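Working notes, beginning with the structure itself.
The values are calculated or read from the model by the stated rules, or taken from the named source; none is laboratory data. Keep in mind that what you see is a predicted model, and the values were worked out from it rather than measured. With ideal geometry, Cβ positions are generated from the backbone for all residues, glycine too; neighbour counts draw on all protein chains shown. For accessibility, only protein heavy atoms count, side chains too; no ligands or nucleic acids. Shrake-Rupley method; radii C 1.70, N 1.55, O 1.52, S 1.80 Å.
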Amino acid sequence: MSTVVDAGDDSASAEFHAFFERHHRELARLAHLLTGEADAADDLAADALLALWHRWDRVRDAEHPVAYARGVVANLARTRIRSAVRERRRVALFWSGRQDRTDGPDVPAVVDVQGALRELPFRKRACVVLRHAFDLSEKDTALTLGVSVGTVKSQTSKGMAELERRLGSGEPASGRVRSVGAPLDATEGGRR
């Protein structure tokens, strides 16, 4: 059971505030790329940071606190996606009995990178986003997601192949995924 950090602990508060300032933007961008929802990204990052604050004594002693934080964001994003899928199914069931359905939905002809990313299964999407948009090493990606390096390698490879098939142009998908998010500062966690 984790202990909530005493709000009166000035040192813990200062450490957390510095961590928040350094990583909030990165965590919000990760949430945006994983969910495809710009409006929800800050909320997910805030929820993750609140969870981290409640476990700050454990987080600050962790070997890789940023990887821990990214893992919390990934788990919250997965939960949000599952919730959205369940809600869509409920809405589809409600509307399936109606007679005024349209035969063909208005779907854009061109699939954009974010749309293609949303179509990937969550683990492939997370691996592709962390490896290419966040430029994390395989080891750091594995640490963030709580999986083996081999899983990261295979899921990233399969995810990139699937993206290239979906996007169907001569440009490699890795360059497109990188361009979805702004580049990270060197202090925020590039390849090692």
**Message:** Return the pair list, or none, for Cβ contacts closer than 7 Å from residues in the range 161-172 that are more than 13 Å from His132 (Cβ to Cβ) and surrounded by 15 or more Cβ atoms within 10 Å (Cβ to Cβ) to residues that are at pLDDT 85 or above and of a type in the set (Lys, Arg), at least 6 apart or on different chains.
**Reply:** Glu162/Lys124
**Prompt:** If you go through the range 7-35, how many residues are buried (at least 18 other Cβ atoms within 10 Å of the Cβ) and of a type outside the set (Asp, Glu)?
**Reply:** 12
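Go through the range 50-70 and count every residue that is aliphatic (A, V, I, L, M) and over 14 Å from the mean Cα position of the chain (by Cα). Spell out how you get there, then give the answer.
Step one: of the range 50-70, the residues aliphatic (A, V, I, L, M) are 50-52, 59, 62, 66-67, 69.
Pick out the ones that are also over 14 Å from the mean Cα position of the chain (by Cα) and you get 50-52, 59, 62.
The total comes to 5.
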**Complete:** Within the range 36-48, residues under 11 Å from Leu76 (Cβ atoms), surrounded by fewer than 20 Cβ atoms within 10 Å (Cβ to Cβ) and hydrophobic (A, V, I, L, M, F, W, C) come out as Ala40, Ala46
**Request:** May I ask you to verify whether Val177 is closer than 29 Å to Arg22 by Cα and either open to solvent by 30 Å² or more (accessible area, probe 1.4 Å) or at pLDDT 90 or above (or both)?
**Result:** no
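Looking only at the range 115-151, how many residues end up being open to solvent by 50 Å² or more (accessible area, probe 1.4 Å) and not small (Gly, Ala, Ser)? Don't jump to the end; show me each part of the working.
Let us first name the residues in the range 115-151 that are open to solvent by 50 Å² or more (accessible area, probe 1.4 Å), namely 118-119, 121, 123, 135, 138-139, 143, 146, 148-149.
If we keep only those that are not small (Gly, Ala, Ser) too, we end up with 118-119, 121, 123, 135, 138-139, 143, 149.
Count: 9.
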**Item:** Hits in the range 73-129 - residues which are modelled with pLDDT of 70 or more and of a type in the set (S, T, N, Q)
**Value:** Asn75, Thr79, Ser83, Gln114
**Request:** Please specify each residue of the range 56-77 satisfying the condition of being within 14 Å of Asp43 (Cα to Cα) and surrounded by fewer than 19 Cβ atoms within 10 Å (Cβ to Cβ).
**Result:** Asn75
